[in-house]
1. Just to be sure I understand, how many residues within region 219-261 are open to solvent by less than 40 Å² (accessible area, probe 1.4 Å), within 16 Å of ligand 4 (Cβ to nearest atom) and either modelled with pLDDT under 95 or over 13 Å from residue 302 (Cβ atoms) (or both)?
2. Tell me whether region 202-218 contains one or more residues that are open to solvent by 70 Å² or more (accessible area, probe 1.4 Å) and part of a helix (DSSP H, G or I).
3. Return a yes/no flag: does region 140-158 have any residue that is assigned to a helix (DSSP H, G or I), under 30 Å from residue 82 (Cα atoms) and modelled with pLDDT of 95 or more.
4. Please give the helices (runs of 4 or more DSSP H) falling wholly within region 3-105 in which 3 or more residues are over 18 Å from residue 323 (Cα atoms) and open to solvent by 50 Å² or more (accessible area, probe 1.4 Å).
5. Collect the residues in region 84-114 that are without any contact (Cβ under 8 Å) to a residue 24 or more places away in the chain and of a type in the set (S, T, N, Q), keeping them in residue-number order.
6. How many of the residues in region 170-191 are more than 10 Å from ligand 1 (Cβ to nearest atom) and either under 25 Å from residue 160 (Cβ atoms) or surrounded by 21 or more Cβ atoms within 10 Å (Cβ to Cβ) (or both)?
7. So, of the residues in region 311-342 that are aromatic (Phe, Trp, Tyr) and within 10 Å of ligand 1 (Cβ to nearest atom), which turns out to be surrounded by the most Cβ atoms within 10 Å (Cβ to Cβ)?
8. Looking only at region 111-148, count every residue that is surrounded by 15 or more Cβ atoms within 10 Å (Cβ to Cβ) and on the phi > 0 side of the Ramachandran plot and tell me the total.
Amino acid sequence: HSDVDVVVASLVPAYGCQRRTPLTNKNCIFTDALETLSKEASFCGSDGRSLAFIRAASVLRSLPSTLTTIEELNRLPGFGEHSKRVVQEILEDGFSAEVERVTQKEKYQTMKLFTNIFGVGMKTANRWYQEGLRSLGDLRNSQKLKLSKQQEAGLQHYEDLNMPVSRAEADLIAKMVEEVAHSFLPGTIITLAGGFRRGKLSGHDVDILITHAQEGREEGLLSKVIGQLQSQGLILYHDLKRNSYHDAFSPDSKSTSNMDHFERSFSIFRLKVASHIGDIGARDHSPESSKDWKAVRVDLVVTPISQYPYALLGWTGSKHFERELRRFSCNEKKMVLNSHALYDTVEVQVAISQS
Ligand code: TTP
Ligand code: MN
Ligand code: MN
Ligand code: MN
């Protein structure tokens, strides 16, 4: 490599959280392929391989222009042999034969379909696949299948929930929540987080943070808000989880995941949408064509104001950005970052050894 190469390489930092990433991805032909392989790896239980493809895709997403040569690729960080080979294949042939093969696989297609159901994770999807189930119809018609309430709702609203949510719809839902919250607790602060906070024009759900400038006032608010919306017929599904912050740090805590511990509700809202009155040729008024509402996934998260900055950072995403930010904190700063706090591990160790 020439000196110029070294300079160029240093322009793309190794941690995802150190890179600016444009809203429009100029390299989706490559990132789509890498993300397919990432999914396939995770369906096979290979989380390490799955992450390697995500890492490579994330580097390409950060580029301001489309990759055109192998030489450019060789200067980028974060590429393993396999990811490099896939990109090279696409540069040469316009597509990757390996990716084409994966997307044709019955297991891949079925796992993708099943894991797109709200409430269905890798384990459940895989079990259903092993039992010979292949389609939503198979799930809906199966007699012996025991679905959770969440999965039932996910299956029932599958089509709506897999339609993108627009920014306008997200704003509408945030406003609905704000109005009800204010009726119980004036001064409640409602913030749209997730992909919309990153400037995305559409998303798969609406992520809303709820807090209040006076610490503690936010406690108990969420169940009132949900109850009120429910009585108005605006909630199709909800699952309220209480705050588990103190349990999580108690000595007998079994919690090992990096999930946060805020009071929250993963819910499905019934959102009124303009009915299709003007639809040309809408002669038959089947219930489906006259449906004037849409099911929308909404995550509501309550945070005390003292933890709000960390919650906001943690809930803004993307998932990979958050993972990288935490890896950076740990490796480069010896600090722990999560959605509740940022702290120095060295100081904690000193404190423990002194106590
Ligand atoms: P998502 O809503 O899953 O993703 P997104 O908003 O980036 O994209 P999309 O448009 O598809 O909805 O997650 C948003 C952020 O919330 C993500 O950075 C991870 C964070 N999060 C938590 O911190 N804890 C949780 O339990 C969950 C489910 C998400
Ligand atoms: Mn490989
Ligand atoms: Mn989201
Ligand atoms: Mn979400």
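The values are calculated or read from the model by the stated rules, or taken from the named source; none is laboratory data. Remember, it's a predicted structure, so these values are computed and weren't measured experimentally. Here the Cβ positions follow ideal geometry from the backbone for every residue, glycine too, while neighbour counts run over all protein chains shown. Please note that ligands, DNA and RNA were not included when accessible areas were found on the heavy atoms of the full protein model with its side chains. Shrake-Rupley method; radii C 1.70, N 1.55, O 1.52, S 1.80 Å.
1. Residues meeting the conditions: 2.
2. In the first step, residues of region 202-218 are kept if they are open to solvent by 70 Å² or more (accessible area, probe 1.4 Å); the result is 204, 213-215, 217.
After this cut, where a residue has to be part of a helix (DSSP H, G or I) as well, the list is none.
Within region 202-218 (the criterion being open to solvent by 70 Å² or more (accessible area, probe 1.4 Å) and part of a helix (DSSP H, G or I)), the answer is no, since none of the residues qualifies.
3. Taking region 140-158 as the starting set, the residues that turn out to be assigned to a helix (DSSP H, G or I) are 140-141, 149-156, 158.
Then drop every residue that is not under 30 Å from residue 82 (Cα atoms), which leaves none.
No: zero hits.
4. On the way: elements: 3-11, 28-43, 47-61, 70-74, 81-93, 97-104.
Per the criteria, 3-11, 28-43, 70-74, 81-93, 97-104.
5. Selection gives 88, 104, 109.
6. Narrowing region 170-191 to residues more than 10 Å from ligand 1 (Cβ to nearest atom): 171-191.
From what's left, either under 25 Å from residue 160 (Cβ atoms) or surrounded by 21 or more Cβ atoms within 10 Å (Cβ to Cβ) (or both): 171-181, 188, 190-191.
Final tally of qualifying residues: 14.
7. Here is the first cut: in region 311-342, the ones aromatic (Phe, Trp, Tyr) are 315, 321, 328.
Right, trim to within 10 Å of ligand 1 (Cβ to nearest atom) and you get 315, 321.
Values: 315: 22, 321: 18.
The selected residue is 315.
8. 1
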